[in-house]
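What follows is calculated from the coordinates using simple rules that are stated; it is not laboratory data. The structure presented is a predicted model; accordingly, all values stated were derived computationally and were not measured. With ideal geometry, Cβ positions are generated from the backbone for all residues, glycine too; neighbour counts draw on all protein chains shown.
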Amino acid sequence: MLHVGINGFGTIGKRVADAVRVQPDMTVAGVSKRSPNFEATIADDRGYDLYAAGEDGRVPFDAAGLDTAGTVHDLVEVSDVVVDTTPGGVGASNAEIYEDHDTPAIFQGGEDPDVADVSFVARANYDAAVGADSARVVSCNTTGLSRLFAPLEETYGIEKARVTLVRRGGDPGQTSRGPINDTLPDPVEIPSHHGPDVKTVFPDLDIDTMGMKVPTTQMHTHSVNVTLESTPSAEAVRELLGRESRLFLIPETLGIDGAGKLKEYTRDAGRPRGDVWENCIWAESVTVEDNDLYLFQAIHQEADVVPENIDAVRALSERTASARQSIDRTNDALGVGR
Ligand code: NAD
């Protein structure tokens, strides 16, 4: 049984902890929090050992009546692998702690790529992380694009990719984010940082990206154009993508016209927090003109990186024979694709 510590129990961290909990080969060693807010009480309700990460140590937790098991150093000590889910940029300042304890660590997409030995997406480069000391699970958008590009590159070859990313303004809990009544080119510079980030996973890929921000908290939407090195039919592309376990081709018959109904669908299905772990590709949008493929996909920013973190834990700890075995095990335990 792998003991996995989660440092930073926020939007991503709480989902990773719950995903670890249902894996047959992992257990939650504990989670760290800076303050005894509502997420700390949820951690306590779940039975996760709480470790104090703030400068005031356990004092605010004692005041709130929450037991703590120690500091972040103590959490790292009892962990075989640590998943660092602190806010972007904080992970890099924690790297020394993991190195001092000789504990493999997984960072998130808010960190610069050089924080870790490898930038990771299970479907694209699982083997590169096997036995590494650290991995960076790339951002939600980069994860979504890499899952799509992997089968396209393997099967047809990619000459050039162009993507416009229509990004949610913030997560539901990020009450200070926006815009609340505008449509922003964001970043205004072209290409946006997303293309270079995809190249940390596919170094040879020719890709240009443009970003926008809009007033929604639901999901990101990508408008994708990939110039392929061959000319498959749209039906062949649909079949190829439909075989991928973390790509969901939304059938026209479901009547799902956007992220709102997608989230409603996963809530109705009883998914935890209504999470959508898969890329959601509108099947009828898959179009091929000569060797140009076009499609729309939606990405649930709070959820798609969660199964990738689980696979990264297995890759670093060298406990699983192959990418396929880890992906299948993660999917089965979480319910990805169901
Ligand atoms: P968050 O703010 O929701 O959660 C971060 C948690 O870490 C909070 O509970 C915070 O109190 C805690 N924290 C802050 N400083 C800490 C410290 N020094 N030690 C321990 N805990 C500390 O952030 P998030 O959205 O979960 O993002 C975490 C990482 O995941 C970032 O790198 C982000 O870029 C990446 N990411 C976020 C999303 C998303 O949409 N939310 C998607 C993909 C990747």
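Under a 5 Å amide H cut-off, with hydrogens placed 1.01 Å from N, K160 pairs with T227 among residues at least 5 apart or on other chains.
Rounded to the nearest Hz, the phi-derived 3J(HN,Hα) couplings of the range 124-137 under the Karplus curve 6.51 cos²θ - 1.76 cosθ + 1.60 (θ = phi - 60°) are 9, 8, 3, 4, 5, 9, 5, x, 5, 7, 7, 9, 10, 6, where x marks glycine and proline. Simple rule: put +1 on each Lys or Arg Cβ and -1 on each Asp or Glu Cβ in the chain, find the dipole, and look at L2, I256, H220; the Cα lying farthest toward the positive end is I256.
Expressed per residue, the C-alpha convex hull volume of the range 103-166 stands at 94 Å³.
Under 1.5 on a/c is rounded, so check that first for the range 217-338, then, if it is not, pick prolate when a/b is larger than b/c and oblate when it is not; a ≥ b ≥ c are the square roots of the alpha carbon gyration tensor eigenvalues. Oblate, because a/c is 1.5 or more while a/b does not exceed b/c.
Computed on the range 230-323, with alpha-carbon pairs under 8 angstrom and 6+ residues apart, the relative contact order is 27 percent.
Net length available on complete extension from E289 to V214 is 24.1 nm, with 0.36 nm assigned per residue and the Cα-Cα distance removed. Label T155 and M1 with points 7 Å out from Cα along Cα→Cβ: what is the distance between them in nm? With each label point 7 Å from Cα toward Cβ, the separation is 4.1 nm.
Ranking L66, F149, A161 by Cα position along the charge dipole of the range 31-178, where only Lys, Arg, Asp and Glu carry charges on their C-beta atoms, puts A161 farthest toward the positive end. Would you work out if the range 18-135 is rounded, prolate or oblate? Take a ≥ b ≥ c from the square roots of the eigenvalues of the alpha-carbon gyration tensor; rounded if a/c is under 1.5, else prolate when a/b is larger than b/c, oblate otherwise. Because a/c hits 1.5 or more and a/b exceeds b/c, the range 18-135 counts as prolate. For G70, nonlocal amide neighbours, meaning residues 5 or more places apart or on other chains whose placed amide H falls under 5 Å from its own, are A52.
For the range 47-105, the alpha-carbon radius of gyration amounts to 1.16 times the rule-of-thumb value 2.2 N^0.38 Å expected for a compact globular protein.
In this structure, D56 and E318 have a Cβ-Cβ separation that, at R0 = 45 Å, corresponds to a calculated FRET efficiency of about 0.75. Net charge in the neighbourhood of V166 (other residues with Cβ under 12 Å of its Cβ; Lys, Arg +1, Asp, Glu -1) is +2. In sequence order, the range 239-249 has phi-based couplings of 5, 4, 5, x, 7, 7, 5, 10, 10, 10, 8 Hz under the Karplus curve 6.51 cos²θ - 1.76 cosθ + 1.60, θ = phi - 60°, and Gly or Pro positions carry x.
For S93, S134, what ranking results if the residue with the fewest other Cβ atoms within 10 Å of its Cβ goes first? Mind showing how you got there, number by number?
Details: S93 12, S134 24.
Lowest count first: S93, S134.
If the cut-off is a Cα-Cα distance under 24 Å, which lysines reach K199, setting aside same-chain residues fewer than 8 apart in sequence? Filter leaves K160, K213.
Here the simple spin-label model places points 7 Å from the Cα toward Cβ, and for D102 and E252 these points are separated by 6.1 nm.
Taking the fewest neighbouring Cβ atoms within 10 Å as the starting point, the ordered list for F9, F149, F120, F202 is F202, F149, F9, F120. Using C-alpha pairs below 8 Å separated by at least 6 residues, the relative contact order for the range 46-145 is 20 percent. Shape class for the range 245-313, computed from the alpha carbon gyration tensor (a ≥ b ≥ c): oblate, with a/c not under 1.5 and a/b at or below b/c.
Here the sum of -39500 (n - 2.57) over DSSP H runs of 4 or more residues, divided by the residues of the chain, equals -10000 deg cm²/dmol at 222 nm, to the nearest 500. Across the options Q108, L184, G195, the greatest Cα extent toward the positive end of the charge dipole of the range 95-212 (unit charges at beta carbon of Lys, Arg, Asp, Glu) belongs to L184. Normalising the average separation of contacting C-alpha pairs (under 8 angstrom, six or more residues apart) by the number of residues puts the relative contact order of the chain at 17 percent.
Shape descriptor for the chain: Rg over Rh equals 0.97 (Cα atoms; Rh from the Kirkwood inverse mean 1/r).
Net charge in the neighbourhood of D84 (other residues with Cβ under 11 Å of its Cβ; Lys, Arg +1, Asp, Glu -1) is 0.
Neighbours of S192, meaning other residues whose beta-carbon lies under 10 angstrom from its beta-carbon, give a summed charge of -3 when Lys and Arg score +1 and Asp and Glu score -1. Most simply put, the range 118-220 has about 15% antiparallel DSSP beta bridges, counting only bridges with both residues inside it. With loop membership from DSSP and a limit of 14 other Cβ atoms within 10 Å, the longest segment of the chain without GluC sites (Glu not before Pro) is 56-188.
Of all beta bridges that DSSP places with both ends in the chain, some 40 percent have antiparallel geometry. Once the Cα atoms are used to define both axes, helix 305-317 deviates from the longest principal axis of the chain by about 70 degrees. Here's how it looks for S119: its modeled amide H is under 5 Å from those of R136, which are all 5 or more places away or on a different chain. Using only side-chain charges placed at the Cβ, +1 for Lys and Arg and -1 for Asp and Glu, the dipole size of the chain relative to its Cα centre rounds to 1000 debye. Here the 3J(HN,Hα) profile of the range 88-93, calculated from phi with Karplus coefficients 6.51, -1.76 and 1.60 at θ = phi - 60°, is x, x, 6, x, 4, 6 Hz, Gly and Pro shown as x.
The charge dipole of the range 213-272, taken about its Cα centre with unit charges on the Cβ atoms of Lys, Arg (+1), Asp and Glu (-1) only, comes to about 360 debye.
Show me the trypsin sites (Lys or Arg not before Pro) within the range 205-284 that DSSP assigns to loop and that have at most 15 other Cβ atoms within 10 Å of their Cβ. Kindly include the intermediate steps, with their values, before the conclusion.
Working: sites: K213, R238, R243, R246, K261, K263, R267, R273; in loops: R243, R246.
Qualifying residues, ordered by number: R243.
Beta bridges per DSSP, both residues in the range 141-274: antiparallel share near 55 percent.
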